[in-house]
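See below for the structure under consideration.
Throughout, read-outs are computed from the coordinates displayed, never taken from laboratory work. Everything numeric in this text was worked out from a predicted model, so none of it was measured. Positions of Cβ are generated from backbone atoms using ideal geometry, with glycine treated the same way; all protein chains shown enter the neighbour counts.
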Amino acid sequence: MSFAVAYLNSFGLAALLAVAFGLSLRMRLNLHAMNIAVGALFGAAAALAMQNPIPIATGVFVDPRNLFVGLSAAFLGPLGAAASLAIAAPSRIALGGAGVGAGLLAMSIAACAGLLWGYATRERDCAHPRCLLLLGAGVSSSLVATMLLPLETMLSLLLNAGPYIVAFNLIGAVLFGGLMMRERVIAHRFGQLKLQAATDPLTGLLNRRGFERELEPVIVGGESAAVLIFDLDHFKSINDVYGHSAGDEVLVAVASLLKRSLRQQDIVARFGGEEFVVVLPRTDELASQRIAERLQIAISEISVPKSTPLKQISTSVGGFWAETTFDAVTSLRHADRALYRAKKQGRNRTEFSAKVMAA
């Protein structure tokens, strides 16, 4: 009965850890930092489990610590495993006794088993109980560490506690591994929905909502920035004459060119129809004008869809550079005015607003 009580008490803690794992995924934290932080929680849980052990012999006892370490390694990878061991191992050393060496080896085996399971299942859905049972079996392989104990102690542990340890590792892996898999799936779906809400489905660029979200750091930072508006010339006639599929190919080609031609920190969005918007943070006025002209020329050199007799596409560009205190509404308005001038003066050209914002 003492085995059941000790492990069932730890099961409540494991359930809380599964919830914490899910919350960390949905918060979209830095992956490495998240793995370390949540791995440390699993390590703390393992250390806590050692405070209520089941004695086998003097200095030798068992508890559910290896399940926590194995789950951490399986779902949080090497960083999570290292964080868990960094807390659990010193806790076992501090308790002392003849079983220290075996205890440390057992935790290391559980971590390795979890890492192997995580690597083997990284590209497939492994929420099925049979798959999770393999994780539980891997964690249970930590019993091999009992070979470091005296023969009599080893036999006593394997015969009296071994069946309970294996059973609870299998049950724990299915229950809490299943919970963590479920949290991972939910977080993935949440991320996909969030991405879809902020992304133009045709080009993969940000839509207006995503653009506004990505623009917030630029606005808050009060840095200089340029905004460019690209409007494909006579795009409606492309759709009317060659069909919407040809128009879609042109839009995708332009989006691809913009993405690969700009820096990672630059913001590229499709505002709808044939209009694209680019924001260039930390760029001076002359450089932003050169970038706009270079992109305008590059778009005119795009290979058009082979399915149409269309020879070339062109774009008009309106730009505005804000020296300080970038304001999206004002900047877009000035860039739009510059775009209007570019179209009025014959299209296929770049115009910049003469006005510069002051702090």
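Cα gyration tensor of the range 2-198, axes a ≥ b ≥ c as square roots of the eigenvalues: rounded (a/c below 1.5), prolate (a/b > b/c) or oblate? Because a/c hits 1.5 or more and a/b exceeds b/c, the range 2-198 counts as prolate.
Count neighbours as other Cβ atoms within 10 Å of each site's Cβ, and list the trypsin sites (Lys or Arg not before Pro) in the range 1-87 that are DSSP loop with at most 14 such neighbours.
Values: sites: ARG26, ARG28, ARG65; in loops: ARG28.
Passing sites in the range 1-87 are ARG28.
Assuming charge only on the beta carbon of Lys and Arg (+1) and of Asp and Glu (-1), the dipole of the chain about its Cα centre is about 340 debye to the nearest 20. Couplings for the range 34-40, taken from phi via the Karplus curve 6.51 cos²θ - 1.76 cosθ + 1.60 with θ = phi - 60°, read 5, 4, 5, 5, 5, x, 5 Hz in order; Gly and Pro are left as x.
Note on ALA120 and LEU31: the model spin-label points, each 7 Å out from Cα along the C-beta direction, lie 2.3 nm apart. Modelled spin-label separation between GLU152 and ARG294, with each label point placed 7 Å from Cα along the Cα-to-Cβ direction: 8.0 nm. The GNM of the chain, with springs linking C-alpha atoms under 10 angstrom apart, assigns the highest mean-square fluctuation among VAL139, VAL329, VAL69 to VAL329. Given springs between every Cα pair under 10 Å in a Gaussian network model of the chain, which of VAL38, VAL254, VAL241 has the largest fluctuation? Ranking VAL38, VAL254, VAL241 by mean-square fluctuation puts VAL241 first. When the helices of the chain are scored as -39500 (n - 2.57) per DSSP H run of n ≥ 4 and the total is divided over every residue, the value at 222 nm lands at -21500 deg cm²/dmol. As a proxy for reagent exposure, ranking LEU262, LEU155 by other Cβ atoms within 10 Å from fewest up yields LEU155, LEU262.
Once the Cα atoms are used to define both axes, helix 285-300 deviates from the longest principal axis of the chain by about 80 degrees. For the range 271-302, the set of GluC sites (Glu not before Pro) satisfying both a DSSP loop assignment and a count of at most 16 other C-beta atoms within 10 Å is given as GLU301.
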